[in-house]
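Worksheet: the structure to be examined is printed underneath.
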Amino acid sequence: MTDSTRSELVAAARLVVVKVGTRVLTAADGLLDDRRIAALGRQIDAVLAGGRQVVLVSSGAVGAGMGRMGISRRPQELASLQAVAAIGQSCLVEAYERAFRGHGRHAAQVLLVADDLQDRARYLNIRNTLRALLDFGAVPVINENDTVSVEELRTSFGDNDRLAALVATLVGADLLVLLSDVDGLYDRHPDEPGAAILRHVPRIDAAIEALARDRPGGISKGGMASKITAARITTEAGGACIIASGRDDLVLERIFRGDPVGTAFAGSGQAMPAWKRWLAWSADARGTVQVDDGARRAVVAEGRSLLAAGVTGLDGEFAAGDVVALAGPDGGVFARGLVNYPAAELRRIAGARTDRIASLLGSVPYEEVVHRDNLAVVRRDASAGGG
């Protein structure tokens, strides 16, 4: 990716997801920074005026609630944390409504938990609702529903960077913009002498992931590692991602003007179909199927189905039609898909050639364990040589 190709990519983006972090939206005392939110509203209005559609994923509810209640430290007890989030959420959406109303636009609050995107029917309903809101000209303001989200029950997204990436795959966004308190991804720790921002990342590999340097904070959960994960999800789905500083009150205008702001991550070049985007990142995997190197190569490099002969083991109990993860010999998950056999039957035919399935099970319901039409590769660098 070069500055010119980046400009072309940004210019072609018609549907954009913008994620704003807690440290961008709150002042040092934890209160919402109304001036910053007003500047964000003005910038989003300018993006919309350019003929684009914008979905906003916003952190800040816990920080806003702490500020409203005069609490200096993030609560550790779950009920207290969720209560603070409930108080802060109303502050957050009110602030956005004020910011957008001044430009003749309106905010539409959408609160999600992970279960909402794992269930196929709810996933489609949310997508349809978001599309209707965009058609109305409203700005969907999405946040995790912290008051009911419980990480131990798998209802939590973990952080809003991941939520933003899942929303980008949900709506089929061309571009995800992650606005944080950092200027982008540095080639070393930002405090080291000579540290420089990487303006373009053509491919996210182990070397890029190793550059993440998370730091503990008082009111924010996301760090650079979570942003690189979000960028990976978005780019593997075919979109692009930019990490930039939300403390620049002109950042969105500069991005859509084509300026080399922050760090840009190139998309895979081919948009993944909507059905496979759900399979790859939102669906709840009920188990894991381990495969040998040959099977992994066939799935990743050759676009083939998974056959029983390539299965070396499995974890979990699942039924036919459930979503399972596929893992290579190194344990790394490289794909997800709908399995044609329940776990009990798959254990019996694991490693067997297709012509032996009938003798093992009495019939051959399917030749494929996971058909390629119901399979999504999630790590395209997974090959015979590594995961």
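Just so you know, all these numbers are worked out from the coordinates, no wet-lab data involved. Since the structure is predicted, the reported quantities are computational estimates derived from the model, not experimental observations. Because the Cβ atoms are built from the backbone with ideal geometry, glycine has one as well, and the counts that use them run over all protein chains shown.
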Which order do peptides 312-322, 163-173, 191-201 fall in by mean Cβ count within 10 Å, highest first?
-> 163-173, 312-322, 191-201
So what is the relative contact order of the chain, in percent, for Cα pairs below 8 Å that sit 6 or more residues apart?
-> 16 percent
Under the classification rounded if a/c is under 1.5, otherwise prolate if a/b is larger than b/c and oblate if not, where does segment 269-387 fall, given a ≥ b ≥ c as square roots of the Cα gyration tensor eigenvalues?
-> prolate
Using a Gaussian network for the chain with springs between C-alpha atoms less than 10 Å apart, which of these wobbles most: Ala27, Ala210, Ala244?
-> Ala210
Structure-based [θ]222 nm, the chain - -39500 (n - 2.57) summed over DSSP H runs of at least 4, per residue, nearest 500 | -11000 deg cm²/dmol
Using alpha-carbon positions, the gyration tensor of segment 62-121 gives root eigenvalues a ≥ b ≥ c; with a/c under 1.5 called rounded, otherwise prolate if a/b exceeds b/c, else oblate, the class is oblate
Which whole-number percentage describes the relative contact order of segment 69-194, with Cα contacts under 8 Å and a sequence gap of 6 or more?
-> 22 percent
When segment 304-372 is reduced to its Cα atoms, the Kirkwood hydrodynamic radius in Å = 12.0 Å
If unit charges are put on Cβ atoms (+1 for Lys and Arg, -1 for Asp and Glu) and the dipole of the chain is taken about its Cα centre, the option from Ala264, Leu170, Ala132 lying farthest towards the positive end turns out to be Ala132
Segment 248-353: relative contact order as a whole-number percent, Cα under 8 Å and 6+ apart | 26 percent
For the chain, find the longest principal axis of its Cα atoms and tell me its angle to the long axis of helix 78-101, 0 to 90°, nearest 10.
-> 60 degrees
Taking Cα atoms of segment 3-276, Rg/Rh with Kirkwood Rh, to two decimals?
-> 0.94
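Let me know the charge dipole size of segment 1-77 about its Cα centre in debye, to the nearest 20, where only the beta-carbon of Lys, Arg (+1) and Asp, Glu (-1) is charged.
In debye, rounded to 20, segment 1-77 gives about 80.
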For helix 160-171, report the angle its Cα long axis makes with the longest principal axis of the Cα atoms of the chain; keep it between 0 and 90° and round to the nearest 10°.
-> 70 degrees
For helix 34-49, what angle does its Cα long axis make with the longest principal axis of the chain, in degrees from 0 to 90 and rounded to 10?
-> 60 degrees
Electrostatic dipole magnitude of the chain [Cβ: Lys, Arg +1; Asp, Glu -1; Cα centre; debye, to 20] | 500 debye
